[in-house]
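**Q** This structure is in structure tokens; I'll ask about it shortly.
The values are calculated or read from the model by the stated rules, or taken from the named source; none is laboratory data. Everything numeric here is computed off the predicted structure, so don't read it as measured data. Surface areas here come from the heavy atoms of the whole protein model, side chains and all, with no ligands, DNA or RNA. Shrake-Rupley method; radii C 1.70, N 1.55, O 1.52, S 1.80 Å.
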Amino acid sequence: MIKKPEACIFDLDGVIVDTSWYHYKAWQRLAASLSIQFGEEENQQLKGLSRHDSMHKILEMGGRTMSEQQIQRLTDRKNEWYQEYIADLSPDNILEGIRPFLDELEDNDIRKAIGSSSKNAQQILEALQLTHRFDAVVDGDAVKNAKPDPEIFLRAAELLGVSPDACIVFEDAASGVKAANRAGMKSVGVGDKHFLIDADAVIPSFKNMTLDNILALLEK
Ligand code: B16
Ligand code: MG
């Protein structure tokens, strides 16, 4: 069997917590205000991108251009709506299987980090009461380049003091899988295989998932 990793790096939105739905709803509301068509397919292309890059992508989809000042105003509005949607976030929103998997990593002395493009990541981890479970948190405020750039994951490995090839990344976004692959880490997609074709392995969720299950999938 493939060697146990020294560290696991988790994406936040869509892997640890179900907030990706609220990102979707807030972007859809913004796109509607601009009369730009925005559904599930379009949303997949946004996952993992920074707020600013997501806004650019939506404008591109609508064949529109705007000044940076207008873009700033719109992304601020989107974030206000998103903040309203996640105001009641609690540990109940942690996705199924995450807690036992974190326990298993701790039992095996495997380090854990968050690698998220979100500037709301720290606040979300606090609301979930999960901050103390991670040895490092790298979020959208900590880096210059968001996913698909590998900076977020490389910074996490550096903070953990672990070599990139000894890390497994868990990601629900194609852009995040790309970032993990570019960082020279193993990538495990979480969700629909159809959108995660570049991942080394894909799991539907963490429900009933153990480290051995994942290592076996990575070996194939
Ligand atoms: P914010 P992740 C990403 O988080 C989301 O997938 C993406 O939809 C969002 O636009 C991005 O964070 C920025 O989030 O507006 O909160 O700064 O999946 O990398 O944890
Ligand atoms: Mg995500």
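**Q** Ignoring any ligand, DNA or RNA, what whole percent of the accessible area of the chain comes from carbon and sulfur when the probe is 1.4 angstrom?
**A** Reported share for carbon and sulfur atoms: 44 percent.
**Q** Using only the alpha carbons of region 52-147, determine the length spanned along each of the three principal axes and report them from longest to shortest in whole angstroms.
**A** 51, 28, 20
**Q** Follow-up question, since we're still on this one. Going Cα to Cα from LYS112, which lysines come in below 29 Å? Please leave out same-chain ones fewer than 8 positions away.
**A** Answer for LYS112, where 29 Å is the Cα cut-off: LYS3, LYS4, LYS47, LYS144, LYS147, LYS178, LYS186, LYS193, LYS207, LYS220, listed by chain and number.
**Q** Another one. Residues of the chain: accessible area per residue at 1.4 Å, in Å²?
**A** On a per-residue basis, the chain sits at 48 Å².
**Q** Ok, one more. What ranking of LYS178, LYS144, LYS112, LYS193 comes out by heavy-atom accessible area, probe 1.4 Å, highest first?
**A** LYS144, LYS193, LYS178, LYS112
**Q** GLU104: accessible area at probe 1.4 Å, nearest 10 Å²?
**A** 50 Å²
**Q** Would you calculate the volume per residue, in Å³, of the smallest convex hull containing every Cα atom of the chain?
**A** 111 Å³
**Q** Follow-up. For region 133-174, what number results from the quotient of the Cα radius of gyration and 2.2 N^0.38 Å?
**A** Here the answer is 1.12, to two decimals.
**Q** Find the centroid of the Cα atoms in region 165-185 and in region 56-74, then give the distance between the two in whole Å.
**A** So the separation of the two Cα centres works out to 28 Å.
**Q** Still on this model: Compute the Cα gyration tensor for region 96-205, then decide on rounded, prolate or oblate, letting a ≥ b ≥ c be the square roots of its eigenvalues: rounded whenever a/c is under 1.5, prolate when a/b is larger than b/c in the other cases, and oblate in all that remain.
**A** Rounded shape, in that the Cα axes give a/c under 1.5.
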